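Everything below concerns the one structure shown next.
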Amino acid sequence: MSLILRTLIALSRTSWILLWGAIELNLLRFIPILLQTKTHQEVEGSVKYFLAQALGSALLLFSSTSIWISFSLTPNYLPLLLSAAILLKLGSVPCHFWYPSVITSISWTSCLILSTWQKLAPLIILTFLLPQKNNQFILIVAGINALIGGIMGINQSRLRVIIAYSSIGHIGWILRLLAVHKPNASIIYFLIYSALITPLFISINYFNISTIKHLNTSGSLNSSSYTILIILLLSLGGLPPLTGFMPKFITIIILTEYTRIMALTLIIGSLINLFFYLRIVINMMLQSSNLKVLLPAKSLSRNILLITATFSLGLRPLILLYAMTLLN
């Protein structure tokens, strides 16, 4: 509750100084959540996260203060530096190197918070507060995000790293919408992504899966569990006609009105993303004959299935609202 409150305070600020202070309080509150079991990996991940966020906060404070002091005589590099500070806190290209490393070191619960709630404040800042002169910079960063998120995830064997680079790819889609003045659509896209990744993290955490090999050889998975994971992975990859494909499809429609090159880079990155998700699913299906996947579902598995179905049904109004926002 304290973490949620600090994020809401950050979103309601109109002063850069107060915004910086709320983000710092949010950072200090999230560090104890990262240190749940106090293992060496969690301590390492917490230090990396703290250093990255502290650097981003320092750049944010310096650039925003410099813009306020210089006012009409603002140098061209200061808005870019301000954008870079927010991208660093967001875990976006070109400041993304800390994000996969931290994801591999912390628990699945912390991964879920870091991939969803902790990205909300930087996205809101990029959406409503940054100057419009940075649109070209954001366009370039969005395309690189999509390509890096797809290419870097191909040869990975750890699910955490794959999901981290997939998240970087989705950030590219969100940033591209921000650059073409669709802030409401970008926020709804982020909400849809969060609603898809939440049951996936819950399922992976329950079955204690860390690598693709473990996913293929785990004997604790039954038929319902396999179905849940396959649907969530394919939907996260954007395979039609699953839920994850719809926001991408509508985004492509609106981007083609500006220039097709903008949509092409996102499509290429998304196809590469979908490739390694399909590879995971195909390996799961090939290995399913050697596993006990036909056992009756346990009660918790049925609860996870219910959670997944609830998320899927609840996304229908969001997708409809998303389409109306884009078309308007």
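The values are calculated or read from the model by the stated rules, or taken from the named source; none is laboratory data. Not measured: the values here are computed from a predicted model. We place every Cβ from the backbone using ideal geometry, glycine too, and count neighbours over all the protein chains shown.
Points worth noting:
- In the stretch 90-117, the residues that are small (Gly, Ala, Ser) and more than 14 Å from the chain's Cα centre (by Cα): Ser101, Ser105, Ser107
- Complete set of residues in the stretch 38-62 that are over 21 Å from Val161 (Cα atoms) and polar (S, T, N, Q): Ser57
- Any hit, the stretch 127-142, residues being modelled with pLDDT of 90 or more and aliphatic (A, V, I, L, M): no
- Residue within the stretch 150-159 that is surrounded by 22 or more Cβ atoms within 10 Å (Cβ to Cβ), assigned to a loop (DSSP other than H, G, I, E, B) and touching a residue at least 60 places away in the same chain (Cβ under 8 Å) present: yes
- The requirement of being farther than 22 Å from Trp117 by Cβ, modelled with pLDDT of 85 or more and surrounded by 15 or more Cβ atoms within 10 Å (Cβ to Cβ) is satisfied by Ala84.
- Restricting Trp117, Trp98, Trp173 to those that are of a type in the set (Phe, Trp, Tyr), surrounded by fewer than 21 Cβ atoms within 10 Å (Cβ to Cβ) and modelled with pLDDT of 90 or more reduces the list to Trp98.
- Which listed residue is touching a residue at least 40 places away in the same chain (Cβ under 8 Å), more than 30 Å from Ser157 (Cβ to Cβ) and in a helix (DSSP H, G or I), from Ser57, Ser46, Ser64, Ser101: Ser64
- Meets criteria (in contact (Cβ under 8 Å) with a residue 40 or more places away in the chain and part of a helix (DSSP H, G or I)) for Leu177: yes
- The number of residues in the stretch 149-168 that are under 10 Å from Val93 (Cβ atoms) and either at pLDDT 90 or above or of a type in the set (Lys, Arg) (or both) comes to 1.
- Only listed residue being crowded, with 16+ Cβ neighbours inside 10 Å, in contact with a Lys or Arg (Cβ under 7 Å, 6 or more places away or on another chain), within 29 Å of Leu178 (Cα to Cα) and modelled with pLDDT of 75 or more, chosen from Ser270, Ser235: Ser270
- Within the stretch 1-42, being over 20 Å from the mean Cα position of the chain (by Cα), surrounded by fewer than 15 Cβ atoms within 10 Å (Cβ to Cβ), more than 21 Å from Leu87 (Cβ to Cβ) and β-branched (Val, Ile, Thr) holds for Thr14, Thr37, Thr39.
- Just one of the numbered conditions (1) more than 13 Å from Ile125 (Cα to Cα); (2) charged (D, E, K, R); (3) surrounded by 20 or more Cβ atoms within 10 Å (Cβ to Cβ) is not true of Lys89: (1).
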